[in-house]
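Reading through the C-alpha coordinates given below for one structure.
The values are calculated or read from the model by the stated rules, or taken from the named source; none is laboratory data. Note that the structure is a prediction, hence the values are computed from the model and not measured. Cβ placement follows ideal geometry from the backbone for every residue including glycine, while neighbour counts extend to all protein chains displayed. The area values use the complete protein model at the heavy-atom level, side chains included, leaving out ligands, DNA and RNA. Shrake-Rupley method; radii C 1.70, N 1.55, O 1.52, S 1.80 Å.
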Amino acid sequence: QLQLAESGGGLAQSGGSLRLSCAASGSIFTIYAMGWFRQAPGKQRELVAAITRSGSTNYADSVKGRFTISRDNAKNTVYLQMNSLKPEDTAVYYCNLEQLTSTTRGDYWGQGTQVTVSS
(Lines give C-alpha, C1' and ligand atoms only; values in the text may rest on other atoms or scores of the structure.)
Protein backbone atom coordinates (compact mmCIF):
# COMPACT_ATOMS: atom_id res chain seq x y z
CA GLN A 1 0.00 0.00 0.00
CA LEU A 2 1.29 3.43 -0.95
CA GLN A 3 0.96 6.29 1.53
CA LEU A 4 1.67 10.00 1.36
CA ALA A 5 2.81 12.03 4.37
CA GLU A 6 2.43 15.80 4.15
CA SER A 7 4.06 18.46 6.27
CA GLY A 8 4.97 22.14 6.25
CA GLY A 9 1.59 23.79 6.45
CA GLY A 10 0.86 26.54 8.91
CA LEU A 11 0.26 30.24 9.31
CA ALA A 12 2.06 32.87 7.27
CA GLN A 13 1.70 36.58 6.73
CA SER A 14 0.85 38.07 3.39
CA GLY A 15 4.06 38.21 1.37
CA GLY A 16 5.65 35.45 3.42
CA SER A 17 6.77 31.95 2.49
CA LEU A 18 6.07 28.35 3.35
CA ARG A 19 7.50 25.07 2.09
CA LEU A 20 5.33 21.98 1.87
CA SER A 21 6.75 18.47 1.77
CA CYS A 22 5.16 15.20 0.71
CA ALA A 23 6.95 11.90 1.22
CA ALA A 24 5.74 8.72 -0.44
CA SER A 25 6.25 5.34 1.17
CA GLY A 26 5.08 1.76 0.80
CA SER A 27 4.45 -0.05 -2.46
CA ILE A 28 5.95 2.34 -4.96
CA PHE A 29 6.17 1.17 -8.55
CA THR A 30 6.53 3.71 -11.34
CA ILE A 31 5.59 7.27 -10.42
CA TYR A 32 4.13 9.09 -13.40
CA ALA A 33 3.61 12.42 -11.67
CA MET A 34 3.34 14.10 -8.29
CA GLY A 35 1.65 17.34 -7.49
CA TRP A 36 -0.24 19.57 -5.15
CA PHE A 37 -3.91 20.47 -5.14
CA ARG A 38 -5.74 22.83 -2.83
CA GLN A 39 -9.28 23.34 -1.67
CA ALA A 40 -10.78 26.26 0.21
CA PRO A 41 -14.10 25.94 2.06
CA GLY A 42 -16.98 26.11 -0.38
CA LYS A 43 -14.70 25.95 -3.41
CA GLN A 44 -13.65 23.21 -5.79
CA ARG A 45 -10.34 21.45 -5.45
CA GLU A 46 -7.87 22.84 -7.95
CA LEU A 47 -4.47 21.90 -9.27
CA VAL A 48 -1.70 24.08 -7.89
CA ALA A 49 1.41 22.49 -9.38
CA ALA A 50 2.56 19.15 -10.74
CA ILE A 51 5.79 17.55 -11.87
CA THR A 52 6.03 14.54 -14.16
CA ARG A 53 8.50 11.69 -14.25
CA SER A 54 10.39 13.48 -17.00
CA GLY A 55 10.65 16.63 -14.91
CA SER A 56 8.07 18.70 -16.76
CA THR A 57 6.13 21.07 -14.54
CA ASN A 58 2.67 22.56 -14.68
CA TYR A 59 1.35 25.45 -12.58
CA ALA A 60 -1.97 27.10 -12.06
CA ASP A 61 -1.97 30.60 -13.52
CA SER A 62 -2.69 32.04 -10.09
CA VAL A 63 0.60 30.76 -8.64
CA LYS A 64 2.99 31.10 -11.57
CA GLY A 65 6.06 33.05 -10.59
CA ARG A 66 5.36 32.56 -6.88
CA PHE A 67 5.30 28.80 -6.28
CA THR A 68 7.92 26.24 -7.30
CA ILE A 69 7.48 22.47 -7.30
CA SER A 70 10.49 20.19 -7.02
CA ARG A 71 11.30 16.59 -6.20
CA ASP A 72 13.92 14.45 -4.50
CA ASN A 73 13.76 11.03 -6.11
CA ALA A 74 16.12 9.47 -3.56
CA LYS A 75 13.68 10.38 -0.80
CA ASN A 76 10.49 9.83 -2.82
CA THR A 77 9.54 13.34 -1.83
CA VAL A 78 7.98 16.30 -3.61
CA TYR A 79 8.15 19.88 -2.36
CA LEU A 80 6.17 23.02 -2.94
CA GLN A 81 7.99 26.25 -2.21
CA MET A 82 5.42 28.99 -1.79
CA ASN A 83 6.65 32.58 -1.90
CA SER A 84 4.84 35.90 -1.96
CA LEU A 85 1.85 34.32 -0.27
CA LYS A 86 -1.53 35.98 -0.56
CA PRO A 87 -4.66 35.58 1.60
CA GLU A 88 -6.35 33.88 -1.35
CA ASP A 89 -3.78 31.09 -1.07
CA THR A 90 -5.47 30.02 2.16
CA ALA A 91 -6.69 26.45 1.70
CA VAL A 92 -6.08 22.84 2.58
CA TYR A 93 -3.27 21.59 0.36
CA TYR A 94 -3.30 17.97 -0.76
CA CYS A 95 -0.40 15.98 -2.13
CA ASN A 96 -1.23 13.80 -5.13
CA LEU A 97 0.67 10.93 -6.70
CA GLU A 98 -0.13 9.17 -9.95
CA GLN A 99 1.44 5.74 -10.18
CA LEU A 100 1.71 3.20 -12.97
CA THR A 101 1.79 -0.53 -12.26
CA SER A 102 1.93 -3.40 -14.72
CA THR A 103 -1.85 -3.38 -15.04
CA THR A 104 -3.31 -0.14 -13.68
CA ARG A 105 -2.88 3.58 -13.17
CA GLY A 106 -3.48 4.57 -9.57
CA ASP A 107 -4.20 7.95 -8.00
CA TYR A 108 -3.20 8.56 -4.38
CA TRP A 109 -3.91 11.44 -2.02
CA GLY A 110 -2.46 12.72 1.21
CA GLN A 111 -4.60 13.77 4.16
CA GLY A 112 -4.06 17.46 3.51
CA THR A 113 -2.23 20.22 5.33
CA GLN A 114 -3.74 23.59 6.22
CA VAL A 115 -2.17 26.76 4.87
CA THR A 116 -3.48 30.03 6.26
CA VAL A 117 -2.25 33.41 5.04
CA SER A 118 -3.17 36.49 7.05
CA SER A 119 -3.56 39.99 5.65
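Inspect the stretch 49-63 for any residue being acidic (D, E), in contact (Cβ under 8 Å) with a residue 24 or more places away in the chain, out of contact with any strand residue (DSSP E or B) (no Cβ under 7 Å at 6 or more places or on another chain) and surrounded by fewer than 20 Cβ atoms within 10 Å (Cβ to Cβ) and give the result as yes or no.
Within the stretch 49-63, the subset acidic (D, E) is 61.
If we keep only those that are in contact (Cβ under 8 Å) with a residue 24 or more places away in the chain as well, we get none.
So far as the stretch 49-63 goes, no, none of its residues is acidic (D, E), in contact (Cβ under 8 Å) with a residue 24 or more places away in the chain, out of contact with any strand residue (DSSP E or B) (no Cβ under 7 Å at 6 or more places or on another chain) and surrounded by fewer than 20 Cβ atoms within 10 Å (Cβ to Cβ).
Contact map, the stretch 104-119: first residue of a type in the set (S, T, N, Q), second residue open to solvent by less than 30 Å² (accessible area, probe 1.4 Å), Cβ cut-off under 6 Å, separation 6 or more or different chains; pairs are T113/Y93.
For beta carbons closer than 9 Å, sequence separation of 6+ or different chains, a first residue in the stretch 70-83 that is touching a residue at least 60 places away in the same chain (Cβ under 8 Å) and a second that is charged (D, E, K, R) and open to solvent by 60 Å² or more (accessible area, probe 1.4 Å), the qualifying pairs are Y79/R19; Y79/R71; L80/R19; Q81/R19; M82/R19. Of the residues screened, P41 is not one that is touching a residue at least 60 places away in the same chain (Cβ under 8 Å) and not acidic (D, E). Of all residues in the stretch 4-30, those satisfying the criterion of being surrounded by fewer than 20 Cβ atoms within 10 Å (Cβ to Cβ), over 16 Å from V92 (Cβ atoms) and touching a residue at least 60 places away in the same chain (Cβ under 8 Å) are Q13, S14, G15, G16, S17, R19, I28, F29, T30.
Please work out which residue is farthest from S84 (Cα to Cα), limiting yourself to the stretch 44-62 and to residues that are touching a Phe, Trp or Tyr at 6+ places or on another chain (Cβ under 9 Å) and not aliphatic (A, V, I, L, M). Break it down into steps so the answer makes sense when it comes.
Here is the first cut: in the stretch 44-62, the ones touching a Phe, Trp or Tyr at 6+ places or on another chain (Cβ under 9 Å) are 45-50, 52-53, 59-60.
Checking which are not aliphatic (A, V, I, L, M) leaves us with 45-46, 52-53, 59.
Details: R45: 21, E46: 19, T52: 25, R53: 27, Y59: 15 Å.
Selected residue: R53.
Hey, does the stretch 90-109 have a residue that's in a loop (DSSP other than H, G, I, E, B), among the hydrophobic types (A, V, I, L, M, F, W, C) and at pLDDT 95 or above? No - not one qualifying residue is present in the stretch 90-109. Restricting attention to the stretch 64-104, the residues being in contact with a strand residue (DSSP E or B) (Cβ under 7 Å, 6 or more places away or on another chain) and over 20 Å from G9 (Cβ atoms) number 3.
Within the stretch 64-85, track down each residue that is charged (D, E, K, R) and surrounded by 14 or more Cβ atoms within 10 Å (Cβ to Cβ). Step through it out loud before you land on a result.
Let us first name the residues in the stretch 64-85 that are charged (D, E, K, R), namely 64, 66, 71-72, 75.
Result: R66, R71.
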